[in-house]
Amino acid sequence: CNLDLVREHPDRCLFGYVFNRQYWGQGYASEAVRGLLAYSFSELALTSVFATCDVANLSSIRLLERLGMCRDEHFQEKLWPTGGEHYLYY
């Protein structure tokens with residue numbers, strides 16, 4: 001898991017996570033994302049949190065959306081006009 005503050009916008013961060021396939025479906029990603037969101041908003045007092053997610057990883061997309069995040073196609077196109085990843089925001 002990682003959390004990167006956005007230098008140009010000190011009230012925002014970008015996070016991501018990677019887990020070994022043998023640990024998928026055991027709740028680790030849910031726990032990690034909840035922790036990252038709680039820390040970002042309560043401890044760092046951020047206003048926006050963005051997460052990266054591979055477009056082919058439907059389980060991860062569903063997890064982020066279930067935890068209240070939504071796709072931001074405009075943000076995605078601005079950073080990756082050729083596609084390849086989704087960005088979701090909270």
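General observations
- Nitroxide proxy distance, nm - points 7 Å out along Cα→Cβ at residue 28 and residue 7: 3.2
- Using θ = phi - 60° and Karplus 6.51 cos²θ - 1.76 cosθ + 1.60, couplings along segment 6-16 (whole Hz; Gly, Pro as x): 8, 4, 6, 9, x, 9, 10, 9, 10, 10, x
- Accessible area ranking (1.4 Å probe, heavy atoms, ligands and nucleic acids excluded), largest first, for 19, 50: 19, 50.
- The slack in the chain from residue 56 to residue 71, taken as 0.36 nm per residue of separation less the alpha-carbon distance, amounts to 4.0 nm.
- Solvent-accessible area of residue 18 with every protein chain in place, 1.4 Å probe, in Å² to the nearest 10: 130
- Restricting segment 1-57 to trypsin sites (Lys or Arg not before Pro) that sit in a DSSP loop and have at most 12 other Cβ atoms within 10 Å of their own Cβ leaves 7.
- With a 1.4 Å probe rolled over the protein heavy atoms of all chains, the accessible area of 52, 47 falls in the order 47, 52, largest first.
- These residues, 58, 64, go from largest to smallest accessible area, 1.4 Å probe, as 58, 64.
The values are calculated or read from the model by the stated rules, or taken from the named source; none is laboratory data. Note that the coordinates shown come from a computational prediction; the quantities given were computed from them, not determined experimentally. Reconstructed Cβ throughout: ideal geometry from the backbone, glycine too, with neighbour counts over all protein chains shown. For the accessible areas, the whole protein counts, side chains as well, though only heavy atoms, and no ligand, DNA or RNA atoms are used. Shrake-Rupley method; radii C 1.70, N 1.55, O 1.52, S 1.80 Å.
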